[in-house]
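The values are calculated or read from the model by the stated rules, or taken from the named source; none is laboratory data. Keep in mind that this is a model prediction, so the values were computed, not measured. Positions of Cβ are backbone-derived with ideal geometry, glycine not excepted, and every protein chain shown enters the neighbour counts.
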Amino acid sequence: MKRYLVLLLLAFMVILAATPTSAARPEQKYPVTFNGHPIGFDVEPQNVNGRVFVPFRAIFEKMGAKVYWDEATQTVSADREETSINLTIGNKTAYVNSNPIQLSDAPFIKNGSTLIPLRFVGEALGGTVTYDPATTAIAIVDLKYPKRGGTLNMAMWNKPDGNFHPEVASDTYSNWVSGMMYDGLWRYDAHIVPQPALADGWDWDASNTILTFYLRPDAKFHDGKPVTADDVIISFKGMMHPKYVGPRNSGWDALMGYDDYTKGINGETKANFEKGVVTATPLAGLYKLDDHTVVFRLAHPDAAFFITQTVFGIIDGSKYTKVPVQEWGLASDPYNTKAPNGTGPFKMTEYAEGQYVVLVANDNYWSGRPYIDKVVWRVLSSDVAVGEFKLGKLDIAEAEADTLDYYRVMNNLKIAEFPDLVYQELMFNWAKGPTSEKAVRHAIAYGIDRMAIIHNLLKDHGGTMYTPLHPLLWAATEDVEKYGFNPDRARQILDEAGWKVGPNGIRVRDGKKLHIKMTYPNVGNPVRRATAPVLQQMMKDIGIEVELVGYDWPTINTKVFDQKDFDMLMIGWQVVFDPDPTGMWDKSATAQGGFNAGGFVTDESERLIKEAKTNPDIEFRQEVYRKWGKLWAEELPAYIFYAKNTTMAYNDRVKNFNPLPGGLYYWNLEELWLSK
Amino acid sequence: MRRYLARRLLQVIPILFGVSLVLFVIVHSAPGNPYAYLFGPRTDPALKERLMREKGFYDPLPVQYVRWIKETATGHFGYSLRNGAPVLDQIMERLPRTLLLTSTAFLIAILLAIPIGVISATRQYSLVDYLVTSFSFMGISLPSFFAALVAIYLFAVTWRIFPSNGMIEAGQPHTFWTVLYHLILPAFTLGLRDLAAYSRYTRSSMLEVLRQDYVRTARSKGLAERTVVYKHALRNSLIPVITLFGFSLPGLFGGAIIFETIFAWPGMGLLSFEAVGNRDYPMLMAVNLFFAFLVITGNLVADILYAVVDPRIRYA
């Protein structure tokens, strides 16, 4: 269904919120866990006169309660199932189901967060609270809540390729399965902010070229072997190796020693290099300080590097001393499906090619054992999805927006809908043909009734978007020409450009008809297919004759991306969490097979794209991207129809399910639990 | 007969060779390339070019064909471009599943169609006959994917008698009975079309035979109606029906592509469907050759059956 996404976008290289990616090794004074799962705070726990205070909201939400704040009475409250809790700022009496409980100290507010005495947490909702004075770690353990165990049933609408090796996984489902089995150095939290994973901290030096990761000492592979700096080096060197085949071989140029490594000059012995064997031998820009400290060193600052290049999963390097990189993840890689050794919350126990994957919980997961025991992920035809949900054999699945009505009538199902980093556009051939004329592009844009398409075809499961700087990203800008629907303006622009209405309503100039070939994928995405004839009609209204050319994906690949043989192309993209347009809208992407098939290149655009990468400062980059977005919208190498929402259906027995955009649907898998 | 068979079997080799040549040209001249999926949005085009050159994507077609012949001759039909496993291994893993599905469907169709056809012919214009003819008319005109979805809705979702998809249950022991249990629904719906078609053939052929003089003779001899119908008439009426068996072979496999997708039955159909979408050349070649082989065998089987059931036909 989303085949092309699968093809093009892949991996969840990623980032979103306006977060500085540089953070000193976090000095978490009081790390708090609930049933082993770390709790993140805006305001850290405090020690006041020898007593520890913890933030009320973060902890009670983690424990499954709904938290409320009443400004008028200065009261915080939390509800979970039959229990309700009330505390008032400055008042030593708390209430649990209206039974008063005396606190040792009164709650107080710091930086907008309510802090309460640690002891009360256990008294309120049950469970035990232990404070380890030696490590200052606080562990809250509740054996009764939430419910443990059970099997989560999921569906894959396409057969995964079956390469689950985190460095080479290419299709969406293989990536998700891989993500359950392998952790990266860091991962995203609920606010899509990078948080420690296998590395419990990292920092950039002042020059923004030296990035140091500090590995978590307690992180272990599924077989019990600790994760070391060598594993990290082997994982990353693999993607840089010239024999590597997969979607993560680009973006390494800034790394020192990368060029030499690809030429076999250093980093491997000659024999190993030719065989494709990857070892932990350091590069000038990738080396370890000790077994738990790894350094990435760049030749020049690259603001996108952290997000796009360091997110990938870490493999057990000791397993790959004999498997050459060109075989990673293939049938001949014994650690792909037969004996994988990851670090993630789940371990693969069975893989039946083309049928299903069975994963079981990793009892020793560093971030807390998953509440669920088992995940069964079956390959299914999406035609039977409704029936499978009805039978209770399916718990979570992506649901196309046009099928939601079937799910809505089932009262044990819930729908999750959220804006995603996916958008649909009409790409123009910027370099040749009728659309190389700016006036024609502008006229087409004014002639499209975007809102009608969103409302009638997409059924409002999406929103507007005007430049490739996605509204979910910090770089988004609205300060651009939006090309609202205005057919009169479109006609006027064409008239002024000399395209006069001919005998049959089609515009003509110098004896040539305004005839445009629109290529579109005639497979997958039903909304996009339905848009093609609608667009044809809209263009006819302003005097442009559009010829529809429907192809399958491999043909589009060749005709459009290799041969540039098109006038306009309807296509969808998934953007990554960093707004850097390199590879999408810059000159390098105009080469054969590149994604800038229309050939959009201007000196100013090239300059801005490069400039935005020189400094990781968010405000600096925002300013540069604002200029670039304006320029892009004026040149209009593509018209963006809409940003699409993702819709998923799930059984209401699944709790804590909180899918995030950018493919982060299962980011908190270890904290999902089943109520039935 | 034996010489005839040997000759026909020997003919298969040059035919397949010719087919492979034509297939190779067609498969490789379809736009698209199998490596596109391998690369990310930021992949350096030069790097991509180099990798594709190394993989021989730009070699002239004859060179690629010779390489393919070599790989095929070594016995494993090359390696899948998608997952690197030998093509033959993947086909051998999936072929038995498809054979199981199609042969069950075929058996169901034949074993039900012949009695149904006979009954409706011997009771022409009765209620049973009308039911049978209208049922078979429906069976032929119903799009097969629709029939499959209706079957799933009724038998798997509403009445919950059979599982709606898959071949085995994840995490449970894979026994013969689980497979059989999963087989019933897809096999029945896949066989439906042939069932309808063959019951009609049997009916019309039977009707024709029943009007023959020798049938009248048999009846006038005072033979029991059973003997007349099942011994004298049925045998002769089956001659045109049996010859059709061979031809339905490729059709059944073709139908399997749709059914395997809907029922998530991991067989050849799904494999070939994916191979097309991925432009996985070695896999496409092997799968298509297999289908060509199927058509050739189907024809051969039809010819042989013809000789077996009709004593007037003799091959030399």
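Here are some notes:
- Within segment A:602-634, if we keep just the residues that are aromatic (F, W, Y) and crowded, with 16+ Cβ neighbours inside 10 Å, the residue that is farthest from A:P579 (Cα to Cα) turns out to be A:W632.
- Here A:Q309, A:Q326 are screened, and the one residue that is within 14 Å of chain B (Cβ to nearest Cβ), in contact with a Phe, Trp or Tyr (Cβ under 9 Å, 6 or more places away or on another chain) and within 29 Å of B:Q90 (Cα to Cα) is A:Q326.
- Within segment A:540-556, residues that are on the phi > 0 side of the Ramachandran plot have Cβ atoms under 8 Å from residues that are surrounded by fewer than 19 Cβ atoms within 10 Å (Cβ to Cβ) and of a type outside the set (G, A, S) in these pairs: A:G543/A:V501; A:G543/A:I506, counting only partners at least 6 apart in sequence or on another chain.
- Condition check for A:N341 on (1) closer than 16 Å to A:D223 by Cβ; (2) crowded, with 22+ Cβ neighbours inside 10 Å; (3) not basic (K, R): one failure, at (2).
- Residues of segment B:150-169 satisfying the condition of being surrounded by fewer than 18 Cβ atoms within 10 Å (Cβ to Cβ), aliphatic (A, V, I, L, M) and within 10 Å of chain A (Cβ to nearest Cβ): B:V157
- Looking only at segment A:38-60, residues that are surrounded by fewer than 17 Cβ atoms within 10 Å (Cβ to Cβ) and outside any loop (DSSP other than H, G, I, E, B) come to 4 in all.
- Across segment A:236-260, the number of residues qualifying as more than 7 Å from every other protein chain (Cβ to nearest Cβ) and not hydrophobic (A, V, I, L, M, F, W, C) comes to 11.
- Selection within segment A:87-102 - touching a residue at least 12 places away in the same chain (Cβ under 8 Å), within 17 Å of A:R119 (Cβ to Cβ) and not in a loop (DSSP other than H, G, I, E, B): A:L87, A:A94, A:V96, A:I101
- Annotation: of all residues in segment B:1-48 being surrounded by fewer than 20 Cβ atoms within 10 Å (Cβ to Cβ), of a type in the set (F, W, Y) and over 30 Å from A:D253 (Cα atoms), the one that is modelled with the lowest pLDDT is B:Y4.
- Test result for A:A72, out of contact with any Phe, Trp or Tyr (no Cβ under 8 Å at 6 or more places or on another chain), more than 14 Å from every other protein chain (Cβ to nearest Cβ), modelled with pLDDT of 85 or more and part of a loop (DSSP other than H, G, I, E, B): yes
- Within segment A:376-417, the residues that satisfy the criterion of being in a helix (DSSP H, G or I) and not charged (D, E, K, R) are A:S382, A:V384, A:A385, A:V386, A:G387, A:F389, A:A401, A:T403, A:L404, A:Y406, A:Y407.
- Whenever a residue of segment A:261-273 is among the aromatic types (F, W, Y), its partners that are surrounded by 19 or more Cβ atoms within 10 Å (Cβ to Cβ), lying with C-beta atoms within less than 7 angstrom and at least six residues away or across chains, give the pairs A:Y261/A:M240; A:Y261/A:G267; A:Y261/A:L283.
- Of all residues in segment A:375-393, those satisfying the criterion of being more than 7 Å from chain B (Cβ to nearest Cβ) and either of a type in the set (S, T, Y) or in contact with a Phe, Trp or Tyr (Cβ under 9 Å, 6 or more places away or on another chain) (or both) are A:V375, A:W377, A:S382, A:A385, A:V386, A:F389.
- Lone qualifier among B:I91, B:I114, B:I119, B:I110 - being without any contact (Cβ under 8 Å) to a residue 24 or more places away in the chain and surrounded by 16 or more Cβ atoms within 10 Å (Cβ to Cβ): B:I119
- Residue count, segment A:274-310 (criterion: outside any helix (DSSP H, G or I), of a type in the set (A, V, I, L, M), under 30 Å from A:P579 (Cβ atoms) and touching a residue at least 40 places away in the same chain (Cβ under 8 Å)): 8
- Residue under evaluation A:N504, criteria (1) surrounded by fewer than 19 Cβ atoms within 10 Å (Cβ to Cβ); (2) at pLDDT 95 or above; (3) polar (S, T, N, Q), criterion not met: (2)
- Note on segment A:507-534: among residues that are out of contact with any helix residue (DSSP H, G or I) (no Cβ under 8 Å at 6 or more places or on another chain) and within 30 Å of A:D402 (Cβ to Cβ), the one that is modelled with the lowest pLDDT is A:N525.
- Set B:Y181, B:Y230, B:Y214, B:Y201: member being over 20 Å from B:V309 (Cα atoms), away from chain A (no Cβ under 14 Å) and assigned to a helix (DSSP H, G or I): B:Y181
- Members of segment A:45-71 that are within 18 Å of A:N111 (Cα to Cα) and without any contact (Cβ under 8 Å) to a residue 60 or more places away in the chain: A:N47, A:V48, A:R57, A:A58, A:V67, A:Y68, A:W69, A:D70, A:E71
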